[in-house]
Amino acid sequence: MFHGKQFFGRLTPEQQDQLRDFEQLFLEANAAVNLVSRASADRFRRAHLWDCLVMAQRELPAGAKVVDWGTGGGLPAVPLAVVFPLVEFYAVDANRKKHFALRHFVRKLGLDNLHPWHGRAEAFPHGIDYSVSRATADLDILWSWHARAAREFTATGSQQWSAGLLCRKGGDLSRELSKLHGRFDGLMVELIPAGSGKLVHVSRS
């Protein structure tokens, strides 16, 4: 099983330093903005950072555009932007305080490839190739946001994610999967074990 903690050791020293700096910035901001619960903040790496890095077990191709729906304080957008500096990320959230916290993180970390966007997902105006999320909404809702913004894009490498949705989920997904397939035809769903839950990859078959 791919593990985010193990993947951290494969990153460059500069990327590791960026992620450590992100952890410090996040924990400082969390005391004022409440980006995540205090209990999970106390175990930030295991509960959040490693959880985001499981999305990096395959590549996001250079030049791709990726949106993080309901990013909050930049999870998973910030870790993925550090890992994939040649990919352009948009981090969407309707909460103004969280949006401004993320803008602060982006400036401090020098992440030129990450663009915070304040507003509702239904109004997001840019074309994208991939969507990512950590349990922001049910799969059918996430796919509807993705499908509205998706461009025509084909990944060319065997170790790359097919264009579509990557979502970290826990618990029984049978109801969500039933709703997804009930609303949308022609989708392929891959369920990948990820810690105590699953990484869900949805793409067009």
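The values are calculated or read from the model by the stated rules, or taken from the named source; none is laboratory data. Worth saying up front: this structure is predicted, and the values here are computed from it rather than measured. Counting neighbours? That spans all protein chains shown, and the Cβs are built from the backbone with ideal geometry, glycine included. In case anyone asks, the SASA skips ligands and DNA or RNA and just uses the protein heavy atoms, side chains included. Shrake-Rupley method; radii C 1.70, N 1.55, O 1.52, S 1.80 Å.
A search for C-beta distances below 9 Å between a residue of region 4-19 that is open to solvent by less than 80 Å² (accessible area, probe 1.4 Å) and any residue that is part of a helix (DSSP H, G or I) and among the aromatic types (Phe, Trp, Tyr), counting only pairs 6+ apart in sequence or on different chains, returns 4/50; 7/50; 8/50; 15/8; 16/8; 19/8. On the given criteria, is residue 48 under 13 Å from the mean Cα position of the chain (by Cα) and either open to solvent by 20 Å² or more (accessible area, probe 1.4 Å) or within 30 Å of residue 175 (Cβ to Cβ) (or both)? So residue 48 passes the test.
Among helices (runs of 4 or more DSSP H) entirely within region 1-110, having at least 2 residues that are more than 23 Å from residue 167 (Cβ to Cβ) and at pLDDT 95 or above singles out 13-33, 96-109. Residue-level analysis places residue 121 outside the set of residues that are under 18 Å from residue 71 (Cα atoms), open to solvent by 40 Å² or more (accessible area, probe 1.4 Å) and either small (Gly, Ala, Ser) or at pLDDT below 95 (or both). Filter region 138-174 down to residues that are of a type in the set (A, V, I, L, M, F, W, C) and either exposed (fewer than 13 other Cβ atoms within 10 Å of the Cβ) or without any contact (Cβ under 8 Å) to a residue 40 or more places away in the chain (or both), then give me how many there are. Of the residues in that region, 6 qualify. Of 177, 199, 191, all but one fail to be aliphatic (A, V, I, L, M), outside any strand (DSSP E or B) and either open to solvent by less than 40 Å² (accessible area, probe 1.4 Å) or closer than 23 Å to residue 79 by Cβ (or both); the exception is 177.
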